[in-house]
Structure formats: structure tokens, C-alpha cells
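First up is the structure itself, then whatever we jot down about it.
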Amino acid sequence: MLMNHSGSTYLLNLIDTPGHVDFAWEVLRSLTACQGALLLVDASQGVQAQTLSVYHAAKERGVKIIPVVNKIDLPAADPERIIAQMSATLDIDPSEVIRVSAKTGIGISNVLQAIIDRIPPPTAQRDQKLKALLFDSSYDRYRGVISLFSLQDGQIKKGDKIISCHTKKRYDVMEVGVMNPEETPVGTLYAGQVGYVACNMKQSSEAHIGDTFYRMGEPVEPMGGFKQSKAMVYAGVFPVDSNDFPKLEESIARTAA
């Protein structure tokens, strides 16, 4: 989104992540592309397990944290108590906490201003070689895999040929654009921007979160911290007859062996 502040226009790239602790992977992959994070705490429930998880993950990655107390419009809200709890648990300065209500719109403008004032801009250079961090992807039945990139350096446009540092596969860029909030094609994405790239990638398995891409003929050092993800399935399996538990255990042991 574009925002005018103090006579200047700022481009803000905002990522919404699930707050539940079970979605820690979604939070971690988003933090790799961010310079700052909004730490939302419910004004009626206070600091919870996911609050601590996100807070420490953001601190480890060195991103600027903006503490926000949400839902101050609820009858059960006690923002003063929650802010004191955040200060004691997370060592947060109470004066930095922003009180908001997403439902009524109270304090939202203060959050946007804090993003501009407190979070540093990306340290990126347009005149350097292309270095693009892939931090998310989706699949389109007509265009294939649509990758979301955070451009660390350089620029990318339609017609470029890019290569994955991890798989060494080459792709032809067919379309680039920004999310505003839907896909909006643009001519070029520049260093410091976040946008989508359609490059005839056929399989979702080719889009490795944390992978670095560069322009063909201009190799770069890959971004640090990349780890190939492992596909996992969590399932609760129970036999219809409780007497079959030993058989079920034996069958699962064979499958996992």
C-alpha cells in the first residue's frame, strides 16, 4: 500500500501471518523478508504462547518490533494491565505500545505512522546484481507457480532469465508485479520492493522457501539461513475396534521403518 506521511509517499509491504503457535513456519518464512514486525496482543487475553514464540523469533532475526494491544473496544479489555504484563514478560517499554481496535479503526493510523517512523527501510541497491529472496509461493492452474520475492539487490523485469541458487534451474520471467492487495502487474521490480514473479515454474516443489535467485550470467552469494523444508503430515489415526490397537501400532511401525 502507498501512504503519505510528512509530505512524502511511502510504499509499505504488509504480510498477514496466522497468530497461532501451530503456524510458526508461516511466521518464520515471512520474517525473512521483513525489516519489522507488529506484535499483536489481545487486550482481554494478554501474552500467550504464540506471543512469546513470535517475539523471540523476531528478536533472533534482528527485526524491529512494534508492540500493539488490539481489541481495546471489548468490554473485557484491560489494556493497562496487559501493557504492564508485556513490559514485565517481554521487557517492552510501555510508552512504545500502541492501543488499537481493528474493528472500530481506533489507532490504525498510529500503527501505520509507527511503521514508517520506527522501522528502517531495506538496505538494498538497485545498481547491484539481482539478488531475490523467495519467501512464499502459490499455484495458478494457468500460469504455474507464482513466487513472492523480496528483492535484496538489483531489479527484475519481464523477459529476464533467472536461476535458482539451490536447484540451479533456469526460468524465463513472464510477468512481475506487486500485491495491491491483488496482483497488479508492473514493468519492473526494484531492490527493496516485494512482489510476485510468474516464470513458468511448473511444480510447487521447485519453489524452495528461503532460496535465492539471480540473473543468468550474474551469479551471487545465496542468502544465509536457507534450509530445505521437509514435507510432514500430522494425523490422528484410531482403529474402529479398540482391540485392534496392537495391529495399528505394528502397521504404523512398518510404514515408518
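The values are calculated or read from the model by the stated rules, or taken from the named source; none is laboratory data. On a predicted model such as this, the values are computed, not experimentally measured, just so you know. Note that each Cβ is placed from the backbone with ideal geometry, even for glycine, and that neighbours are counted across all protein chains shown. Areas reflect the complete protein model, heavy atoms only, side chains present, ligands, DNA and RNA absent. Shrake-Rupley method; radii C 1.70, N 1.55, O 1.52, S 1.80 Å.
Within the straight-line cut-off of under 22 Å between alpha carbons, the lysines reachable from LYS168 are LYS129, LYS131, LYS157, LYS158, LYS202, LYS227, LYS230, sequence neighbours fewer than 8 places apart in one chain being disregarded.
Legend: calculated FRET efficiency, SER242 to ILE116, from the Cβ-Cβ distance at R0 = 41 Å, rounded to 0.05, equals 0.10. Just checking the listed ones, LEU74, LEU151, LEU134: in the Gaussian network model of the chain with Cα springs under 10 Å, the one fluctuating most is LEU74.
Heavy-atom accessible surface of LYS158, to the nearest 10 Å², is about 140 Å², with a 1.4 Å probe and all protein chains retained.
With helices as the sole contributors, the chain gives -6500 deg cm²/dmol at 222 nm; each DSSP H run of n ≥ 4 counts as -39500 (n - 2.57), and the sum is divided by every residue. Shape of the stretch 1-122 from its Cα gyration tensor (a ≥ b ≥ c, root eigenvalues): rounded if a/c is under 1.5, otherwise prolate when a/b > b/c, or oblate? Oblate shape, in that a/c is at least 1.5 and b/c is the bigger or equal ratio. Rolling a 1.4 Å probe over the protein chains gives PHE135 an accessible area of about 10 Å².
Overall shape: oblate for the chain, with the ratio a/c of the largest to smallest alpha carbon gyration tensor axis at 1.5 or above and b/c at least equal to a/b. Projecting label points 7 angstrom from Cα along Cα→Cβ for LYS202 and SER8 puts them 4.7 nm apart.
Taking GLY210, GLY36, GLY62 as the candidate residues, the one with maximal mean-square fluctuation in a Gaussian network model of the chain, Cα springs under 10 Å, is GLY62.
When the residues VAL47, VAL197, VAL186 are ordered by accessible surface, computed with a 1.4 Å probe over the protein chains alone, the sequence from largest down reads VAL186, VAL47, VAL197.
Remark: accessible surface ordering of ARG81, ARG99, ARG29 (largest first) is ARG81, ARG99, ARG29, probe radius 1.4 Å.
The length gained on full extension between ARG81 and GLU250, counted as 0.36 nm times the residue separation minus their Cα-Cα distance, comes to 55.6 nm.
Given a 1.4 Å probe and heavy atoms of the protein chains only, how would you sort ILE15, ILE209, largest accessible area at the top?
On the way: ILE15 70, ILE209 30 Å².
Sorted by accessible area, descending: ILE15, ILE209.
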